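See structure below.
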Amino acid sequence: MDRQQQIIQSHAGVIVQVVQCIGNPELQPQVEEILQVSEKNGWGDLVNVIRRIIKGERDESLIKGLDEEDSTIAAAILQGIQNPATLPDPDKPADASMAAPGLAHMIHQAASGNPQALEIISQMAEQMTQAGGDMKNLGSIIRKMINGERDPKVLAKGMGVQGRQLVDSILEEFHQLAGH
């Protein structure tokens, strides 16, 4: 799976909801709630573009000036409006190995004292804990990682193969972030 497909899959829920609300105005309040949270979490540029798309703008120039992730999400929404068959499956889990760099960066920023990163990673950990399985275990070790724990035996205790691989990938990313 290439990077753009991975971005689309990891944001499938939002992409699908935005496209659905265009055809069904009753869904707009739910989507607006998601957009407000996204805006607070630093996705302001993307949220502005999504609101313009919801109001009926369809021009490709909307995407100009957005970063890679934002433009990929906006393009997927525009494409989904034109051809619903292109929409991602929101129930398909994203590739966990692609999550490692993002999680590692967020944990690293939180550990460095970034309050916004701490808030976001805390919310993610809470959601993971509710998911069960390895995700639940991962959610419960994020605090340990923020506090500096780097022993894979401690962090991956009780996890399955995929969970251990994800922990290893996150630790590898920490290693690169530390510049060793």
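Per DSSP helix of 4 or more residues, -39500 (n - 2.57); summed, then divided by the residues of the chain. What does that give at 222 nm, rounded to the nearest 500?
Numbers: 10 runs with 127 residues, N = 180.
Value at 222 nm, helices only: -22000 deg cm²/dmol.
Please say if region 17-111 is rounded, prolate or oblate, where rounded means a/c under 1.5 for a ≥ b ≥ c the square roots of the C-alpha gyration tensor eigenvalues, and otherwise the choice is prolate for a/b larger than b/c and oblate otherwise?
Working: a/c = 1.67, a/b = 1.52, b/c = 1.10.
Prolate is the answer for region 17-111, as a/c is 1.5 or above and a/b outweighs b/c.
Apply 1/(1 + (r/R0)^6) to the Cβ-Cβ distance of Asn48 and Leu177, taking R0 = 22 Å, and write down the FRET efficiency to the nearest 0.05.
On the way: r = 31 Å, r/R0 = 1.39.
Efficiency computed from Cβ-Cβ geometry: 0.10.
Taking just the alpha-carbon atoms of the chain, what radius of gyration and Dmax come out, in angstrom?
Over the chain's Cα set, Rg and Dmax evaluate to 17.7, 52 Å.
Show me, for region 33-40, the HN-Hα J-couplings you get by feeding each phi into the Karplus relation (A = 6.51, B = -1.76, C = 1.60, θ = phi - 60°), rounded to Hz, glycine and proline as x.
Running phi through 6.51 cos²θ - 1.76 cosθ + 1.60 with θ = phi - 60° gives 4, 4, 5, 5, 5, 4, 4, 5 Hz.
For the Cα atoms of the chain, what angle does the longest principal axis make with the long axis of helix 161-177, in degrees from 0 to 90, nearest 10?
Relative to the chain, helix 161-177 is tipped by roughly 90 degrees.
Taking Cα atoms, how many degrees apart are the long axis of helix 44-54 and the longest axis of the chain, rounded to 10 and kept between 0 and 90?
30 degrees
For Asn147 paired with Gln165, estimate the spin-label separation in nm (one decimal), with each label point 7 Å from Cα along the Cα-to-Cβ line.
In this crude label model, Asn147 to Gln165 measures out at 3.0 nm.
With only alpha-carbon atoms in the gyration tensor, what are the semi-axes of the equivalent ellipsoid for region 96-177, in Å, largest first?
For region 96-177, the semi-axes come out at 18, 15, 11 Å.
To the nearest 10 degrees, how steeply does helix 133-146 sit against the main Cα axis of the chain, on a 0 to 90 scale?
Approximately 70 degrees, to the nearest 10.
We did not get these values from a lab; they are worked out from the coordinates using the rules stated. Predicted model, so just to flag it, every value in this text is computed and none were measured. Quick reminder, even Gly has a Cβ in these numbers, built from the backbone with ideal geometry, and neighbours come from all protein chains shown.
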